[in-house]
Amino acid sequence: MTIGSRAAADSLYAQVDRTQISLNETLNLTVRYEGRQVNTDPDFSGLNQFDVLSNRKSTQHTIINGTISASTEWSLTLAPRNTGQLLIPPLTLQGQHSKAITINVTEPSQDPGAREDVFLEAFVDKSEVHVQEQFIVTFRLHFNQIVDSLDRGQFSIPQARVEELPRVDFHKTIGNTQYAVAEFRYAIFADASGSLSIPAQLWTVRTTDQPGMSRFGFGGGRYKLHRVRAPELTVTIHPKPDIYPAHKPWLPAQKLEISERWSRSPDEFRVGEPITRTVTVTAEGAGPEQLPPVFDERGTADLKFYPDKPDQDKRLSPQGVTGTRTESIAIVPNRAGELQLPELRVTWWNSAERRVETAVLPARTLKVAPADNQTAQQEEPQVIVPNLTSPAPTLAPDAAAPASRWWPLLALLLAVSNLVTLVLWWRGRAAPKTSAAPDKANTSLTAALRALDSACQKREPMAVRHGLLQWARQQWPDRQPTLQAISRWAADPTLTRELEKLDAQLYADGPDTVDFAAIAQTVRRLGAAAAPETSRVLQPLYKAG
């Protein structure tokens, strides 16, 4: 028996379950293709007057009197986007066309005494704001059934920045009906002045009759689709007020605070030693990108600044956005004494009070102590050396007379002392002499250079700094070194340049551009040039007889 390959003719059909609906209702569209199996779908792009909420596809095969036939069916759930006569256009597949279908859509019935099972409200907290000032749009979804799924679509506003805030859930009784309320909030920051429109919202809510189901969960049961709408809203955006200082960055906020903390007490400043100051600016109703820099990174004539990369943070709450900017800077004084640290000021627009305000950290007087070597020199007792060229003081006759009795004894002691010194000197000439102290110093200097070489090879900035200070203490034992002091004492352009890079990398987290090999080579060259001759073992001038 011969089996035919397919039905004699292919066909495409389209039908709906209703042609009269209201705006908040849905309809079902069934599209059926008969004749053979197909692997493609009809072109549904023409359904642009509807939202396609679901699309399910099924295929079946039949054999009748030896003839194979196949049918493919698509079941779509459509929701109208507006009222009036909406058209489902002819659909096309494999050269076959369906007929067009007209759908009449009316406004939902308005019964003042009745409420829908699911409905949506929308409002703003401010109807007038300034440019870049925060205002909040709130959408309240009320429902007295179990919500299985929610499609809010994409919420965006041209020429505005949108931040979605945490959701708030609560219950509310309207008439004799209790509703659960899900409140969705958005913080809006308009980029330009004028009239700003918040687009009308059309949400799709699916509810279920399955008992015990958690809100916005998943599960089986019978479902119902709800199309809820919120109207378009309008907010007036004013430009920056004329009373705001023109040379200051525009910063609208509800509240702004500035605070500081120190890595050590500011009373412990010492020349050449850094202390880190951290300043934090917190603004309610402003994002971190709106907060201006706080520090003048150039420093002052007496204070050198090494800024770190600022940290920006954003906290979202149902009340809006809170932005934080944190700046850290290492401060290194160049001289001792009382130095002035300038005040820090942040000018901002108080959007709650509608006025210009300034947050201030007052100027501070720093009492900077000298470097350790300077302190040691100041505390070292002074030794008074007599002037040997000046005439000896003349004693009064009464004072000189008793002293003259001791002169014979003093002369004898001096003679014995000279004799002992002569004997020791003669014995010392016969023995080889070495310089023990220089050898010890030479050993310490070699160890310091070895440690510095190792740190430079590993490219460890802090270890290199430590090695430089250890080497400098051996090279200049009567001084207390810092990196700045080493640069001055060495007077080498290469070393000065690389130490400035090292200083910046240590205190400002700067880029790793230090030539560590140049530091090691320069230090070894300087050490060899300044090595004292007494550091070598001397052969005796005469051999013992």
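Take the residues in region 315-338 that are within 17 Å of Arg298 (Cβ to Cβ) and either within 22 Å of the chain's Cα centre (by Cα) or of a type in the set (S, T, N, Q) (or both); name whichever of them is surrounded by the most Cβ atoms within 10 Å (Cβ to Cβ).
Ranking the candidates gives Ile331 first.
Against the definition (outside the structural domain of Tyr306 (by TED's automatic domain parsing) and modelled with pLDDT of 80 or more), how does Pro402 come out, yes or no?
Answer is no for this residue.
Condition (residue is of a type outside the set (S, T, N, Q) and at pLDDT below 75) applied to region 465-473: is it met by at least one residue? Step through it out loud before you land on a result.
Kept after step one, since they are of a type outside the set (S, T, N, Q), are these residues of region 465-473: 465-469, 471-473.
Right, trim to at pLDDT below 75 and you get none.
No: region 465-473 contains no residue that is of a type outside the set (S, T, N, Q) and at pLDDT below 75.
With respect to Arg36, determine if the residue is basic (Lys, Arg), modelled with pLDDT under 85 and more than 53 Å from the chain's Cα centre (by Cα).
It is true that Arg36 is basic (Lys, Arg), modelled with pLDDT under 85 and more than 53 Å from the chain's Cα centre (by Cα).
Quick one: how many residues across region 123-175 are over 34 Å from the mean Cα position of the chain (by Cα), part of a strand (DSSP E or B), touching a residue at least 12 places away in the same chain (Cβ under 8 Å) and surrounded by fewer than 16 Cβ atoms within 10 Å (Cβ to Cβ)?
Count: 4.
Each row is one residue, and each column tells you yes or no for (1) farther than 30 Å from Val124 by Cα; (2) of a type in the set (Asp, Glu).
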site	(1), (2)
Arg298	yes, no
Asp302	yes, yes
Phe305	yes, no
Val332	yes, no
Ala336	yes, no
Asn350	no, no
Glu357	no, yes
Leu361	yes, no
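Name the single residue, out of those in region 239-278 being assigned to a loop (DSSP other than H, G, I, E, B) and small (Gly, Ala, Ser), that is nearest to Glu128 (Cα to Cα).
Filtering region 239-278 for residues that are assigned to a loop (DSSP other than H, G, I, E, B) and small (Gly, Ala, Ser), the one nearest to Glu128 (Cα to Cα) comes out as Ala246.
The values are calculated or read from the model by the stated rules, or taken from the named source; none is laboratory data. All values derive from a computational prediction rather than experimental measurement. Cβ atoms come from the backbone with ideal geometry, glycine included; neighbour counts cover every protein chain shown.
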